[in-house]
Structure formats: structure tokens, C-alpha cells
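The values are calculated or read from the model by the stated rules, or taken from the named source; none is laboratory data. Please read all numbers here as calculations on a predicted model, not as lab measurements. Reconstructed Cβ throughout: ideal geometry from the backbone, glycine too, with neighbour counts over all protein chains shown. Ligands, DNA and RNA are excluded from the accessible area calculation, which covers all protein heavy atoms including side chains. Shrake-Rupley method; radii C 1.70, N 1.55, O 1.52, S 1.80 Å.
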Amino acid sequence: MKNWKVNSWRKYPVKHIPAYDDEKELNSVLNKLKTFPPLVFAGETRHLKDQLSKVVDGKAFLLQGGDCAESFAEFHPDNIRDTFKVILQMALVMTYSASLPIVKLGRIAGQFSKPRSAPTEKQGDVELPSYLGDNINAIDFNEKARRPDPKRMYKAYSQSASTLNLLRAFSKGGFADLNKVHLWNLDYIKKSPQAKKFKDLEDKIADALAFMEACGITSDFNNRLYTVNFWTSHEALHLPFEESMTRVDSTTGEYHDTSAHFVWIGDRTRQLDGGHVEFCRGIENPIGIKCGPTSKPEEIAKICETLNPKNEKGKITLISRFGHQNVEKFLPKLIRRIKKEGLNVIWSCDPMHGNTIVSTTGFKTRPFNNVVNEVKNVFGVHHSEGSYAGGLHVEMTGQDVTECTGGARKISDADLSSRYHTHCDPRLNSDQALELAFLISDEIKKNSSYSKNAIQAAS
Ligand code: PEP
Ligand code: CO
């Protein structure tokens, strides 16, 4: 990579990087982090990129989900397990509808830093620096808590490492066995309308497995029935931390950001001449780019070329997040530009970040219907443009929270206060996440005709 160094981003303008008041302490933490073991291995990242290249060709679908911001307070094995369960359930619903493999990517094990709309927050007459994520400062509203503390990166690293350890154990240790789908149901979902639908699916899978078993194909014999690949991702926002986790892969000499398999550049930091694009240009990981109403198609195309000069399939995922009413206005132009340049990308839909409103009770929320509508509109646009809607990117949790309104349980503005736990944006609870998977399964089914058409056109 020409003129790139792991720290060359430091010569570029950067937004949303915290200002620490003790530089010596910051550098000592970063230098120590450089000596810590990588969280992921370069070979895994290459494996993910290979799976993502199949999404580009319409032969797989990407599901990316998890917290808006992980927190130290919510760190608990049950929470990791429950988020993992819901992602598996959503993926199963989608696999069944689309008859396509689902690439499962968590916003987890490192999703800590947040870009904020304002540098300060005011409560009454008191104005303090904004909360920037648990690896930077604390959410409590007092001066000491809001001071960026470099040592919080140690705790974030350690939480990421143990989260990843549990996820690896679940993925490979038998928890994801297709014979155990009935165990993925969360207690509180058992009473929900989604439970019945999921039970029907479980029964169909049990029939298919019984048939396969009779043919001698069991999970003892076929690892694919017993294990899943589960990958991790977060926004590559805190560049000093990402730099310290970036290492040379001794087998190829390439640089990998070993803090996660996949990282993305947020809507507020994707300036072509900015430090975030510069940093991501030199790492081998697959990269996501958020595209919102302010993104210019020609700029997004240039960012893709900068990050992926060889136009490798699976390297770039464009994550559109226009808002349900804005999809038709912005997405077609972006698709046409990317097509015109012949760029290989995955088209993923984030139906969360363009649909945030403030409820009448004062909470940041997202009406479930608007989330569903954005996904439907995005699938519709891809259908008319002849492109493949290849992914879904959601903020969700396995916990029974009340953060997004609507859904089958009709969470109202007044209900939001009862279990509103997010440290940043409102998440779908597991009921709503599963409902979304069912509601868009028809779209996914229609979508799967894409790969058949693509194969026919090529032959
Ligand atoms: C996010 O994904 O949490 C986020 C901040 O998104 P965006 O950059 O799209 O606003
Ligand atoms: Co968010």
C-alpha cells in the first residue's frame, strides 16, 4: 500500500477522536496495548472476506447486529448468550426463506466508541463533555466521569477478549447445533406471537434433520450442522486504539486490524481526505462504509476505490441508512454510480440510524414500522435497479428492553421508561428483532431469485 503506515492517519484531519489531557499516560496505555495478544487472527479475517465475496455474487446474505454501544454495566454472560441466540434465530429464519447461507456478524466484542452529535451535553445549567463510549469516558453526568481516561481501554480490551472467548465457545462447542434450535428461544419470547412462528420453523427443521439422519447425515458426521462461523465487528472510530491493535500477519506480511474481523467507517467520519479513510486504506480487513443523506455518490465511489484499489469482492460493504422516507431519493443514484464505476460492493441496509426520533416522553426511539419500511423500501429499490440487496445491519439486543416503539407487543411512548437501558441508540429487543426477520423474509425470498437470474445471465 503506497505511502501508508499504521500511523499515517495522524497526518490527516480527524473527527470524533477524544482529547485526552495526559498525553504521556495515553501513550503508555497505547504502547502496552501493542504488546497484548491480537483478538482475532488474520486467517479468520480472510475467511470472512471470502464468505462476503459470495454475498457480492448474490449467493449468501449478510446479517450484522448487536448493541449500538457495548457497556461495562451490561457485561454479563447471559447478555452475550442472549444476543447470540437472537442472531442465530434471525439467521435461521432468513436461511429458511432465502435458501441461502447467512454470514453472521456481531456488533460485539469491541463496539465501544461513539461519535456524538454534540461535543457537550447540557442538563439544567450544567454543561459537560458528551459521553463517548465506555472505552473513553463514563456515562454518569459529572465532571470526573466525563473526563476521557486512557485506562478504560484496558477494560474494553479485556471485555472484548472474554466476550469473544464465549462467542467462540458457543459457535464451535455445540450450542449452535441445529438439533438444539428449540434451546435458542428466550424465555420471555416464549409467550410472544413470534414464538409460534418460530416453533413452526423448528418443527420443519426437525423433520429435515430426521430425514437427513435417516440418510446417515448427522452432526457427528457433518460439522456444518453442529457449528457456525460467527464474526465480530465495530466502528473503527477510536483510531489510536485501532492503530495499537494493528499487526503484521507473519504469513503474508499484510497489516490486519486484529481488534475485530470487520470494521466500518461511520457516517460522520468518512471524509475522503480524513484520517479514518487513511487508516482503513492500509488494513486487510473487510470494511463497511455507512452512507447517509449527506453522502455524495461520487465521493462514496472514490472512497471505495481508495480502500479497495484492486476491486476485490467482499472487501467493501456499503451500509445505507437514509431513513425510511428517503430511500427512493438517495439510494438509486448511489447504486447507479457504483454500477457505472464497476465497483464490487455488498449492499447492506441499516434501517436504524435514519429513523431515530424523540418520543413524546423524551426518549430517543425508533418506531418499529419505520424500521420495517426502510428495509422494504431498500429491497424494492434494489429490485428495480437490478442490484442485490445483500445485507441487514441492526441495533438489537437479546434483552427484554423497551427502547424502540411498536412491534407485536405495541410498545408505546409511555412504555419506554420501563426498561430503557441503552448507553446510546435504542435497540430492537429480541421479540422485535425476530419479528423483523419474519416480516422481511418474503422480501428475502424474492431477492433470492437474483442469484438464479445472475447465474442464468452468466451462462
Ligand atoms: C452506529 O452505527 O452506531 C452509528 C453511529 O451509525 P452512523 O455512523 O450510521 O450514524
Ligand atoms: Co447507533
Going down the table (LYS2/LYS302; LYS290/LYS310; LYS191/LYS445; LYS310/LYS340; LYS199/LYS290), which pairs top 25 Å between alpha carbons? LYS191/LYS445; LYS199/LYS290
Mind jotting down the distance between the C-alpha centroids of region 92-167 and region 202-239, whole Å? 29
Phi to ³J(HN,Hα) by Karplus 6.51 cos²θ - 1.76 cosθ + 1.60 over region 278-292, Hz, x for Gly, Pro: 4, 4, 5, 4, x, 9, 7, 4, x, 10, x, 10, 6, 10, x
Enter the accessible area of ARG46 (Å², nearest 10), with the probe set to 1.4 Å and all protein chains included. 90
Residues meeting the amide H criterion for TRP231 (H placed from the backbone, H to H distance under 5 Å, 5 or more places apart or on another chain) are LYS104, LEU105, GLY106
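Would you work out if the chain is rounded, prolate or oblate? Take a ≥ b ≥ c from the square roots of the eigenvalues of the alpha-carbon gyration tensor; rounded if a/c is under 1.5, else prolate when a/b is larger than b/c, oblate otherwise.
Rounded, since a/c falls under 1.5.
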Nonlocal amide H pairs with VAL394, under 5 Å, H built at 1.01 Å: GLN64, GLY65, GLY66
Return, in residue-number order, each cysteine of the chain whose C-beta is not under 4.7 Å from any other cysteine's C-beta. CYS215, CYS280, CYS291, CYS304, CYS349, CYS404
Whether region 165-216 is rounded, prolate or oblate, judged on the alpha carbon gyration tensor where a/c under 1.5 counts as rounded: oblate
Show me, for region 355-364, the HN-Hα J-couplings you get by feeding each phi into the Karplus relation (A = 6.51, B = -1.76, C = 1.60, θ = phi - 60°), rounded to Hz, glycine and proline as x. 10, 8, 9, 9, 6, 5, 9, x, 9, 5
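Provide the per residue accessible area, probe 1.4 Å, for the chain, rounded to a whole number of square angstrom.
Working: 19310 Å² over 459 residues.
In whole numbers, the chain has 42 Å² accessible per residue.
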Can you put LYS364, LYS204 in order of accessible area, largest first, using a 1.4 Å probe? LYS204, LYS364
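Roll a 1.4 angstrom probe over the protein heavy atoms and tell me the percent of accessible area of region 329-400 that is carbon or sulfur.
Details: 1290 of 2610 Å².
Result for region 329-400: 50 percent of the exposed heavy-atom area is carbon or sulfur.
Which of the helices in the chain, when you take each full DSSP H run, stretch at least 27 Å along the axis at their Cα atoms and have an average Kyte-Doolittle score of -0.5 or higher?
Values: long enough: 77-98 (31 Å, 0.35); 152-172 (30 Å, -0.42); 193-214 (33 Å, -0.44).
Within the chain the helices that satisfy the rule are 77-98, 152-172, 193-214.
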With a 1.4 Å probe and all protein chains in place, put HIS421, HIS393 in order of accessible area, largest first. HIS421, HIS393
Given backbone amide H placed at 1.01 Å from N, residues whose amide H is under 5 Å from that of THR317, ignoring those fewer than 5 places away on the same chain, are ILE287, GLY288, ILE289, ILE346
Residue separation between ARG419 and ARG247 times 0.36 nm, minus their alpha-carbon distance, gives in nm 57.9 nm
